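Structure in C-alpha cells, see below.
The values are calculated or read from the model by the stated rules, or taken from the named source; none is laboratory data. For clarity, every value in this text was computed on a predicted model and none was experimentally measured. Please note: Cβ atoms are built from the backbone with ideal geometry, for glycine as well, and neighbour counts cover all protein chains shown. What goes into the accessible areas is simple: the full protein's heavy atoms, side chains included, and nothing from ligands, DNA or RNA. Shrake-Rupley method; radii C 1.70, N 1.55, O 1.52, S 1.80 Å.
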Amino acid sequence: MIQIERKIFVTATLLGLVGIILGAFAAHGLHSVLTDSALESFQTGVRYQIYHAFFLFFIGLNSYLSFAQKKYILGLTLTGIILFSVSIYLLATNPITSIDFSFLGPITPLGGLLLISAWGFLFYLLLRHKN
C-alpha cells in the first residue's frame, strides 16, 4: 500500500471512530444538558464528519487520482472537518463550558467551504480524466 493511501485510510478510520463516539456521547450524555437546537447542531457536525470519513475511503481507493491529488484532497478534507465539525462541537457545547467559543462562529463556514472545495476538486479531476 502506498504511504498516502495508508495515511488516508488511517485518517478516515479515526474520523469515523471519533464521529461514532461523539454521536453516542451527544445522544446519551449531552441530551439532558443541551437544548434541542444545540444538540441538532452537534449532530450536524457528527454527520458531516462521518460523511467525510467515507469520502476519504473513496479517495484512498480511487486509482484515477495521483499521489499529489490524493494528498491535496486529504488536506482540504481534514482541515475542513477540523474547522467545520470541531467548531460546531465547541459552539454547541458552549453553554455548558466555562470558555466562550462564540468567536469560532465565522470559522464554521470556512470549514464548509474547504469541504465543498475537496468535492469540487474531485469532480474536476474526474471530469478531466481520460480513459
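What value, in deg cm²/dmol to 500, does the helix sum -39500 (n - 2.57) over DSSP H runs of n ≥ 4 give at 222 nm once divided by the residues of the chain?
Result for the chain: -24000 deg cm²/dmol, rounded to the nearest 500.
How big is the stretch 68-130 by Rg and Dmax over its Cα atoms, in Å?
Just the Cα atoms of the stretch 68-130 yield Rg and Dmax of 14.9, 54 Å.
How large is ³J(HN,Hα) for each residue in the stretch 58-75, as worked out from phi by the Karplus curve 6.51 cos²θ - 1.76 cosθ + 1.60 (θ = phi - 60°), to whole Hz, x for Gly and Pro?
4, 4, x, 8, 6, 7, 7, 9, 7, 3, 5, 5, 5, 5, 5, 5, 4, x
Another question, if that's okay. Using a 1.4 Å probe on the protein chains only, how many percent of the accessible area of the stretch 32-105 belongs to carbon and sulfur?
67
Right, next: Over the Cα atoms of the chain, Rg to Rh with Kirkwood Rh, two decimal places?
1.04
Checking the cross-link filter: which aspartates and glutamates have an alpha carbon closer than 15 Å to that of residue 71, excluding same-chain neighbours under 8 positions apart?
Counting by Cα, and skipping residues close in sequence, residue 71 has these aspartates and glutamates nearby: 5.
Now for a separate question. Measuring with a 1.4 Å probe in the full set of protein chains, what accessible area per residue, in whole Å², belongs to the chain?
Roughly 59 Å² per residue, with all protein chains present.
Relative contact order for the stretch 1-130: what is it in percent, counting Cα pairs under 8 Å that are at least 6 residues apart?
That works out to 28 percent.
Quick one: Karplus J couplings for the stretch 92-97, per residue in order, coefficients 6.51, -1.76, 1.60, θ = phi - 60°, nearest Hz, x for Gly and Pro?
5, 8, 3, x, 9, 10
Step through the residues of the stretch 11-27 one at a time and calculate ³J(HN,Hα) from phi using the Karplus curve (6.51 cos²θ - 1.76 cosθ + 1.60, θ = phi - 60°), rounding each to whole Hz and writing x for Gly and Pro.
4, 4, 5, 5, 4, x, 4, 5, x, 5, 4, 5, x, 5, 4, 5, 5
Let me ask you something else. Output the peptides 73-79, 2-8 sorted from most to least packed, where packing is the average of other Cβ atoms within 10 Å over each peptide's residues.
73-79, 2-8
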